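As structure tokens, the structure follows; a few thoughts come after it.
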Amino acid sequence: MQRNTLVIIKTTTERKEAFKALQAQIFKQAPSVDCLFISDGQINGIQIQGKTKYWRLWSEIFAYIKYNPAQHIIQLDDDLQLAPNFFDRLKSLTFQHPDTVINLLTDERCFRANWSHLYPIQYNDYWVNYWVDCIHYMPFSVVERLQFKMYGIAADRWAQNKNMSSGVGKQITQRLNSMGIPIIAPKRSLTYHGAHESVMNTDERINTPLDNSKYCDFV
């Protein structure tokens, strides 16, 4: 039987207190929601360490969704804070924009062309932005169209620039765009990410901190 909502939190061993805080926020707002807490440590004997193998973690996530389906799938990282009305606002967005992928972390990246020539289009309270990272909402129907697959990402992606991202968001973005699946970003972010250090992309976050407070109405 398909569940209504599944929240997936990708966590590390480095941020135990942040993980506990996010977990508390989720269950305060939605006490009965189903959650999957998935570590970047080791899964089925595969060592998942760092961004060069991050696609393997997503392969495991998609495989889990295939055999444990839910109508609504929320992908979060453990270093986020939720808007106080996170689930209500997301429910409203999914009602207004069915079969659409929704960015849950709104920041400067949402307002430019990323990994494509498609430029964002502004509406009253959201952007059609043709880009998504790894913090998002995705309906089961879209994961199904992605065939529950994440393709391998070759190690030579980082040969010239070790600060390149994991490539997971790029792959998902380009595949969604090729199928014409809408991607939007609300102007007021549903989550907050501070300017703290990154476990996965340490040097890049020192150079370009990911503090999206100016897009939040709750911090």
Output the number of the condition that D79 fails; it satisfies all remaining conditions of (1) assigned to a strand (DSSP E or B); (2) of a type outside the set (V, I, T); (3) over 15 Å from M138 (Cβ atoms).
(1)
Quick check: is even one residue across the range 164-174 modelled with pLDDT of 95 or more, part of a strand (DSSP E or B) and among the β-branched types (V, I, T)?
no
Qualifying positions in the range 177-186 - in a loop (DSSP other than H, G, I, E, B) and free of Cβ contacts under 8 Å to residues at least 24 places away in the same chain
G180
Taking the stated definitions as given, is F111 of a type in the set (F, W, Y) and either buried (at least 20 other Cβ atoms within 10 Å of the Cβ) or at pLDDT 95 or above (or both)?
no
Based on what the data block shows, is I135 under 13 Å from the mean Cα position of the chain (by Cα), within 29 Å of F218 (Cβ to Cβ) and not charged (D, E, K, R)?
yes
Do we have I65 as under 29 Å from Q147 (Cβ atoms) and touching a helix residue (DSSP H, G or I) at 6+ places or on another chain (Cβ under 6 Å) here?
yes
With respect to S116, is the statement that it is in a loop (DSSP other than H, G, I, E, B) and surrounded by fewer than 21 Cβ atoms within 10 Å (Cβ to Cβ) true?
yes
Could you check, for the range 120-131, whether at least one of its residues is among the hydroxyl-bearing types (S, T, Y), surrounded by 18 or more Cβ atoms within 10 Å (Cβ to Cβ) and either modelled with pLDDT under 95 or under 23 Å from V219 (Cα atoms) (or both)?
yes
Answer with yes or no whether S189 is touching a Phe, Trp or Tyr at 6+ places or on another chain (Cβ under 9 Å), of a type in the set (G, A, S), at pLDDT 95 or above and not in a helix (DSSP H, G or I).
yes
Enumerate the pairs (first residue in the range 19-40 and closer than 23 Å to W58 by Cα; second residue anywhere and among the acidic types (D, E)) with beta-carbon separation below 6 Å, excluding pairs fewer than 6 apart on the same chain, so at least 6 apart or on different chains.
F19/D78; L22/D78
Just wondering, is there one or more residues in the range 32-48 that are more than 18 Å from the chain's Cα centre (by Cα), at pLDDT below 95, surrounded by fewer than 16 Cβ atoms within 10 Å (Cβ to Cβ) and within 26 Å of F86 (Cα to Cα)?
yes
Looking at (1) at pLDDT 95 or above; (2) in a helix (DSSP H, G or I), which one does P98 not meet, given that it meets all the others?
(2)
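The values are calculated or read from the model by the stated rules, or taken from the named source; none is laboratory data. All values reported here derive from a predicted model rather than from experimental measurement. Every residue, glycine as well, gets a Cβ built from its backbone with ideal geometry; the counts of neighbours run over all protein chains shown.
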